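The values are calculated or read from the model by the stated rules, or taken from the named source; none is laboratory data. In this text, all values refer to a predicted model and were calculated from it rather than measured experimentally. Methodologically, a virtual Cβ is constructed for each residue, glycine included, from the backbone with ideal geometry; neighbour enumeration extends over all protein chains shown. The area values use the complete protein model at the heavy-atom level, side chains included, leaving out ligands, DNA and RNA. Shrake-Rupley method; radii C 1.70, N 1.55, O 1.52, S 1.80 Å.
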Amino acid sequence: MPVIDIKRKKLTPIYYQVGEQIKHQIEKGILKPDEQFPPEDIFAEKLEISRKTLRFALDKLAKEGYINRIKGKGTFVSSLYKKHRVLATVVNNRNFSGKSRTVNELLSGVMFNTCSSDHELRVIPLSQAQRFIETYKACRDDVLGMIFLRYDEEMESSLKFAKKAGITNIIEGATLRDTNYVDINNTKPMEQAVKYLAELGHRKIGLVSCISPHPHFNIRTRSVLSTISEMGLPFKDHWLLSPEVYNSESIHASFETALQSHDQPTAFVMVSDVLAISFIKYARRRGISVPRDFSVIGFDDIAGVDLMDPPLTTFRQDYHQNGFVASATILELLKTFDNKKRQIVIDPEFIIRESCAKPRGDKNCRKPKGEKSIIKEV
């Protein structure tokens, strides 16, 4: 039986003290692999603590892989705690097409950090996530935590199932109030984009969004519209383009309709680089010049946009960093007992290139009153 010295007057929670001392004894070899702990009621009575407090400590040790809790048999020191520390990453099945640069970079960030920390990494398709959790509940697997990459509504039931099973988890790519998450800031960059265009002298700023199940596009859309309103700039309904299908044909049809109007914007904020690339291709085919006729700002800084003609002004997301931060955060959670949520928001970098200029015929840069200049050299 572990020898535990509880300092009851210390601010450190009792369950934390119990857990750390058991962990120390396992690592030092004082508690041997497969050694059985006393039943919880006897163990708690011996320590003069409640069973609930003891359970907190044992649950945490089980998640970290130091002990195994086998239903109907008891609690045992794990013989594999250093060799078999599994971190599972859940990815939606549709992202296994091999064409998702985003998920590839996210996984590289998760893998780089997890494997260098001497943990085993498993990538689980969403369709297999609940079965994977069932094996954990049946004590047939030692999973320390789960990362849900590019979290969306389809993952909701699996996330709830993981929480119910007591598996430490974190989501990436979304914001949920009572959940650990790593997400990008989708609001601030859109504010920057509008203010930057206004500083160049644009007063008619259009928006190109797209119908999408992912919340990021919706957040960016709302941010652009609210910033335009707050700055007192005009906005016409036909300056908002929302192609229903995320492909070139639908996007180009949307541009065609918008540019038939006599009252057109002088600049467009796009919620993604794909939309910005489509616009520039469409414009070139129609004899329209970017940025002479229209300034364009994208979002993502995908590969090759710096080599376009003109190079695209955009916001850079580092997906490798997002994956690295998500895995680093969950590994930190597995070492602590504070039960605080980790909710991290990463600001994309504003990359100013040559797809934006002053409006045609406007010789003066008209910075909005009271606004600090954000124009800088590339």
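Judged by the ratio a/c of the largest to the smallest principal axis of the C-alpha gyration tensor, the stretch 254-297 counts as rounded, that ratio being less than 1.5. Projecting the Cα positions of Ser117, Ser50, Tyr181 onto the charge dipole of the chain (unit charges on Cβ atoms of Lys, Arg, Asp and Glu, taken about the Cα centre) puts Ser50 furthest along the positive direction.
Comparing Pro243, Val296, Ile171 along the charge dipole axis of the chain, the residue lying farthest to the positive side is Ile171, per the Cβ-charge model.
If each DSSP helix of 4+ residues adds -39,500 (n - 2.57) and the sum is divided by the residues in the chain, what number results at 222 nm, nearest 500 deg cm²/dmol?
Values: 11 runs with 140 residues, N = 378.
One gets -11500 deg cm²/dmol as the mean residue ellipticity at 222 nm.
By definition, a body whose alpha carbon gyration tensor gives a ≥ b ≥ c is rounded when a/c is under 1.5, and the stretch 198-304 falls into this rounded group.
Checking the table Lys52/Lys163; Lys9/Lys335; Lys32/Lys63; Lys60/Lys188 against a 30 Å threshold on Cα-Cα, which pairs fail? In this structure, Lys60/Lys188 exceed 30 Å between Cα atoms. When the Cα gyration tensor is reduced to axis lengths a ≥ b ≥ c, the ratio a/c is 1.5 or higher for the stretch 4-108, and with a/b above b/c it is classed as prolate. Modelled this way, with points 7 Å down the Cα-to-C-beta line, the labels at Phe235 and Asp306 are 3.2 nm from one another. Annotation: amide H-H contacts under 5 Å for Leu207 (H modelled 1.01 Å from N, sequence separation of 5 or more, or interchain): Leu240, Leu241, Val269. At q = 0.07, 0.12 Å⁻¹ the log10 of I(q)/I(0) for the chain amounts to -0.44, -0.90, computed by Debye summation with a single uniform scatterer per C-alpha, solvent ignored.
Using the Cβ of Val182 as centre and a radius below 13 Å, the other residues enclosed give a net charge of -2, where K and R count +1 and D and E count -1.
Residues whose amide H lies under 5 Å from that of Asn169, counting only those 5 or more places away or on a different chain, are Met146; hydrogens are built 1.01 Å from N in the peptide plane.
Inter-label distance, Ile346 to Val3: 4.7 nm, where each label sits 7 Å from its Cα along the C-beta direction.
Cα centroid separation, the stretch 1-38 to the stretch 287-357: 44 Å.
Among the trypsin sites (Lys or Arg not before Pro) within the stretch 188-276, those in coil by DSSP and having at most 14 neighbouring Cβ atoms inside 10 Å are Lys236. Listed by chain and number, the aspartates and glutamates whose C-alpha is less than 12 Å from the C-alpha of Lys160, apart from same-chain residues fewer than 8 away, are Asp178.
Which FRET efficiency value, to the nearest 0.05, is calculated for His262 and Ala165 with the Förster distance at 35 angstrom and r the Cβ-Cβ distance?
Values: r = 61 Å, r/R0 = 1.73.
FRET efficiency, His262 to Ala165: 0.05.
Of the GluC sites (Glu not before Pro) found in the stretch 1-42, not one falls in a DSSP loop while having at most 14 other beta-carbon atoms within 10 Å.
Suppose every Lys and Arg Cβ carries +1 and every Asp and Glu Cβ carries -1, with no other charges. What dipole size does the stretch 10-99 come out with about its Cα centre, to the nearest 20 debye? Please list the in-between numbers first.
Numbers: 18 positive and 10 negative charges, 106 e Å.
Dipole of the stretch 10-99, to the nearest 20 debye: 500 debye.
A 1.4 Å probe run over the stretch 124-233, with the rest of the protein chains in place, finds 40 Å² accessible per residue. Applied to the stretch 302-309, the Karplus parametrisation 6.51 cos²θ - 1.76 cosθ + 1.60 on θ = phi - 60° returns per-residue 3J(HN,Hα) values of 5, 4, x, 5, 6, 9, 5, 10 Hz, with x for Gly and Pro.
What order do you get for 114-124, 3-13 when each peptide is scored by the mean count of other beta carbon atoms within 10 Å, highest first? Mind dumping the intermediate values first?
Working: 114-124: 15.8, 3-13: 10.4.
Highest mean packing first, the order is 114-124, 3-13.
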